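To start, the structure under review is shown below, and the notes come after it.
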Amino acid sequence: MSAAAKPGRARLIAVDGVDAQAVLAAAKAALAASTSGAPAGARGGVSRWDASGIFQDLEVAEDDAGSPSPRTMLLLYAADLAFRLRWQVRPALAEGRTVVVAPYVETAIAYGRAAGLPANWLANLFRFAPRPSERHVVAARGTNAAAVKDGFVGFASAHVAGKGAHARQVLITATERHLRRGRPPQPRARGRRPLRRAPS
Amino acid sequence: MPSVQASLQRARRLARQRFTDPTRRRGLLVAFEGPDGSGKTTQRKLFKTWLKSEGYDVVTTKWNSSDLIKPIIKSRKAVRALSPEEFSLLHGADFRHRVEQVILPALWEGKLVIADRFLFTGLARDVARGLDLDWVLKLYQPLLWPDLVFYFAVSPVTSGKRVTATRLPTYYEAGQDITDVDDPVESYQRFIARVIREYESLALIFNFITVDAEQSIAEQHRQIRDLFIEGQRRPWSAWNVDAVAEWLALSGKRR
């Protein structure tokens, strides 16, 4: 642990949205606001999607491997998020740093809802992700392909919806609408079993 | 999104019509499950040869074999970079992709699909790695239930002897990511005992047909043929309607 770190101030901040550039700008602003005055070594950082390189690998797959469905995309997003939590988020929090996770869970859930996937499946999928201490949803400056192309929603919509620009646009717009509307109230976590136990 | 829901409703009706039409041979899904070294692959090959001789159009699908996801898993296994959650999620993605690209299209065409390992492999291994069964099972929703599941039962000792007779088990095969045991053979022995325990629970819960994989190859094959002839007359499981409907809605199939 860094000598300057203050474990009590470690925070997990979630920034979600379909517009990748706007999300990144908001994440940097949230990090700066949260860590202003902190020593350089204790400021933390921003965790961005595809830190695991899964989607980069997907991008170079042969065309005849077939397009992934929204469910497959979200399973891959969850695998990437598990990687980010393991290598970026938890170690930083343990050192008392603030981490802005951009995007986090809400973007993926909104994308899944837009694609017609059941809310309970989506909630279960991300059960392993800890609750953030702060949440921000960034409104898109525009849901055109250029504004979202670097983000998960743009990537997933382009691959899932195939080459049809209209279908892609419909999915992106619906994701934005679900994000604005927010998630329906979730059942209380009380009594929920932990995801991992020590193997007997 | 009303149009998505309406499309799923239409797809459900279409799925029921297709799989319960008495005038056509419906697709059948047969899964072979069991620990490594239980002889599944040998039996699967014999079964496939026999089915072809009986006039069936047979498609085989193996665990962790989708062209899209397999390379992603392989490269991460090679550098031992997967946590139990990542291992589980990536195998779930591989399975889902094969369901949509290989299994359902073949069943829709009335073919017989043999799955050399099915989702129960994911459940047994992930739970043996300490993950919650409920979480893992829901990853595989909407569930696609095989018409028959043959479970090849062997003891941990037999599995260990057969697997290590010619080679060392790989890092994840031996469960070294969770046992903290350096020796792959010793680690395999511990891990496979956990996997078999989970398989035995699943066999009870999901009503697998257990084949005694300590018997001779010929005896097992004869038993599988008899059980298949008996089991293929089972009606289509209506539990599969959601899985088929989602695939139909995605693929835009009309009939």
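The values are calculated or read from the model by the stated rules, or taken from the named source; none is laboratory data. This is a predicted model, so every value here is computed, not measured. Backbone-built Cβ (ideal geometry, glycine too); neighbour counts: all protein chains shown.
Of the set (1) more than 17 Å from B:L204 (Cβ to Cβ); (2) in contact (Cβ under 8 Å) with a residue 40 or more places away in the chain, all apply to B:V157 but (2).
Consider segment A:59-72 and keep the residues that are at the interface with chain B (Cβ under 7 Å from one of its Cβ atoms) and of a type outside the set (D, E). The one that is nearest to B:P142 (Cα to Cα) is A:R71.
Restricting segment B:129-171 to residues that are within 14 Å of chain A (Cβ to nearest Cβ) and of a type in the set (F, W, Y), which is nearest to A:F126 (Cα to Cα)?
In this case the residue turns out to be B:W135.
Counting only helices (runs of 4 or more DSSP H) that sit completely within segment B:1-82, those holding 1 or more residues that are touching a residue at least 24 places away in the same chain (Cβ under 8 Å), of a type outside the set (G, A, S) and more than 14 Å from chain A (Cβ to nearest Cβ) correspond to B:2-19, B:40-53. Based on what the data block shows, is B:V244 buried (at least 20 other Cβ atoms within 10 Å of the Cβ), aliphatic (A, V, I, L, M) and not assigned by TED's automatic domain parsing to the domain that holds B:L133? So B:V244 passes the test. Would you call A:E106 away from chain B (no Cβ under 12 Å) and under 15 Å from the mean Cα position of the chain (by Cα)? Taking the combined requirement at face value, the residue satisfies it. When segment A:28-48 is filtered for residues that are surrounded by fewer than 18 Cβ atoms within 10 Å (Cβ to Cβ) and in a helix (DSSP H, G or I), the ones remaining, listed by number, are A:K28, A:A29, A:A32, A:A33, A:A40, A:G41.
Considering segment A:55-79, the residues that are in contact with an Asp or Glu (Cβ under 6 Å, 6 or more places away or on another chain) and crowded, with 22+ Cβ neighbours inside 10 Å include one that is farthest from A:Y111 (Cα to Cα), namely A:A79. Set side by side, the residues B:R190, B:R233, B:R222 differ, and just one is without any contact (Cβ under 8 Å) to a residue 24 or more places away in the chain, more than 26 Å from B:G39 (Cβ to Cβ), of a type outside the set (G, A, S) and out of contact with any Asp or Glu (no Cβ under 8 Å at 6 or more places or on another chain), which is B:R233. Take segment B:83-114 and flag every residue that is closer than 27 Å to B:I178 by Cα, within 15 Å of the chain's Cα centre (by Cα) and more than 8 Å from chain A (Cβ to nearest Cβ). B:S88, B:H91, B:D94, B:F95 - these are the residues of segment B:83-114 that are closer than 27 Å to B:I178 by Cα, within 15 Å of the chain's Cα centre (by Cα) and more than 8 Å from chain A (Cβ to nearest Cβ).
Could you check, for segment B:136-157, whether at least one of its residues is surrounded by 17 or more Cβ atoms within 10 Å (Cβ to Cβ), assigned to a strand (DSSP E or B) and charged (D, E, K, R)? No, every residue in segment B:136-157 fails to be surrounded by 17 or more Cβ atoms within 10 Å (Cβ to Cβ), assigned to a strand (DSSP E or B) and charged (D, E, K, R).
Every condition in (1) within 17 Å of A:V170 (Cβ to Cβ); (2) modelled with pLDDT of 95 or more; (3) surrounded by fewer than 17 Cβ atoms within 10 Å (Cβ to Cβ) is met by A:Y111 except one, and the failing one is (3).
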